[in-house]
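Step one of this worksheet: look at the structure below.
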Amino acid sequence: VEVVQLGGWSRREIVLLICAVLVDANQLSWSKYLERALPHMPTTIDVKKADSLAPKIYCKDVCACQIQEWWPSFRSHSIKTTFIDLKDDFYEYLLQDGLFLPEGVEQVTASSGRVRPKDSYSDSEFSSTSSDSEEGSNPEAVEVDPNNQPVQQEQVIRPRFNDLVDAISKAIEDLGGEIFPKLNWSAPKDATWINVGENLKCISVADVIILLKSSDFVVHDLCHAFDACADGPNASETTVSVENKRRPARLVLALRKWFDLKTSMEFRCFVHEEFLLGISQRDCSSNYEFLVEWRKEIVSTIKEFYRNTIRGRFPLKSFVFDAYIRQRDWKVFLIDFNPYGGFTQPLLFSWKDLEEIHEALKENTIRPPAIGESRTGPTSEHPDEDHVASAIDDLLLSQDVELRLVDKGTAMRPGVGMYSRLPADLRDVPGGTVDELLDWCQAANREATNSS
């Protein structure tokens, strides 16, 4: 056993030392041990970071993917949703430090339909002061510092959002008593650890607000949704500038009817210039063996859904959509739209893979007409566009779209919750991925061994 004196070492150096020792001892399995360790380490990472290889996106692409923009056109194929406009004061409240509930919002207790675990959050966590007394805390109480000087406790001013609280309460009731929230683009999936059941299900106003206040994904929607846009930071009619950050001019809270999705049947689908390029298993952290047997049916179902339901109705020609297939009847539900590029994750594909597929499809499908072949009908006003549209229609009927699954023996990837718990020490090391970090640790270990 090697004993190392750690006095004077930074926390970052200690983390890297532990990684290097585990690698040297062949005891580090990144998909197993590191993922287990990360939830217990502090989180300060930017959970959404644009891939440098991702295609360029523009403000219009991001705006078109807001749920309040696309849902009205696809409501019969999506989840029942109620929209509530959020005002600036609630926007500022979401960005405030600290987890405290507004005035008039009841804490989550057993009486509200939830069984609160013994070690879960207590009333004091959401109030301006804390006390062990069952009679409540004294707002005038003082504490004493080591020099026996009284120190007045700092009190949090809890805001009031009466109209918003009433609107959320009514929406929850109208949607059957169980909902899950999201803002214009993102649901607070990274904050499910704080919710009872570790999912997005909410049955009270407090549930909704606690999830929103605890989520880095929500902060991304509020401050960074347009950061990856190629048309720069200039404000437009669809965005407003707040402290040099941009957010949509209309900020909405979408409350969606809750039903227990089987993550095995969620899929991400990539469309570029109207070509359906590929389909990826949405949950990259699990292997579902039965999906391999259903591969052909899954592809056929999603192709038909895209061709008959989405194509021509969504305003963009390049986008990503998430779909859910209900197992009992193979009905497809549209879950979300995302820009084709920017912060969108390609999951089991890479952006390079998708570009190569796109180029191959264009080369094999969009060709000039042969000699004597009519490109379009004699009355067409846009022959080139008609030819492309006709070719894509033919392709959608015959194309064997690639479906990528997490197969047996394939390296699984951490779920979205793992990325949101990554410590800053690992964020700041050379390389942008865990694999690169592993390579860096191994190289450092070899260098240390050779020099000794």
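The values are calculated or read from the model by the stated rules, or taken from the named source; none is laboratory data. As the structure is a computational prediction, the values presented were derived from the model and not from experiment. Heads up, the Cβs are rebuilt from the backbone with ideal geometry, glycines too, and the neighbour counts pull from every protein chain shown. For the accessible areas, the whole protein counts, side chains as well, though only heavy atoms, and no ligand, DNA or RNA atoms are used. Shrake-Rupley method; radii C 1.70, N 1.55, O 1.52, S 1.80 Å.
Odds and ends about this structure:
- Cut-off 9 Å between beta-carbons: net charge of the residues surrounding Ser318, Lys and Arg +1, Asp and Glu -1: -2
- Calculated P(r) tail over 18 Å for the stretch 264-368, as whole % of Cα pairs: 49
- Checking the cross-link pairs Lys182/Lys257; Lys213/Lys331; Lys87/Lys317 against a 22 Å limit on the alpha carbon distance flags Lys213/Lys331; Lys87/Lys317 as lying beyond it.
- Neighbourhood charge, 11 Å Cβ-Cβ cut-off, centred on Asp336 and excluding it, Lys, Arg +1 and Asp, Glu -1: +2
- R0 of 51 Å, Cβ-Cβ distance Lys362-Arg158: FRET efficiency to nearest 0.05: 0.35
- Across the protein chains, with a 1.4 Å probe defining accessible surface, the residues Lys87, Lys303 rank Lys87, Lys303 from largest area downward.
- Placed amide H near Gly278: partners under 5 Å, 5+ positions off or other chain: Phe270
- Exposure rank, largest accessible area first [Arg282, Arg247, Arg160; 1.4 Å]: Arg160, Arg282, Arg247
- Dipole magnitude for the stretch 238-328: computed about the Cα centre from +1 point charges on Lys and Arg Cβ and -1 point charges on Asp and Glu Cβ, it is near 440 debye.
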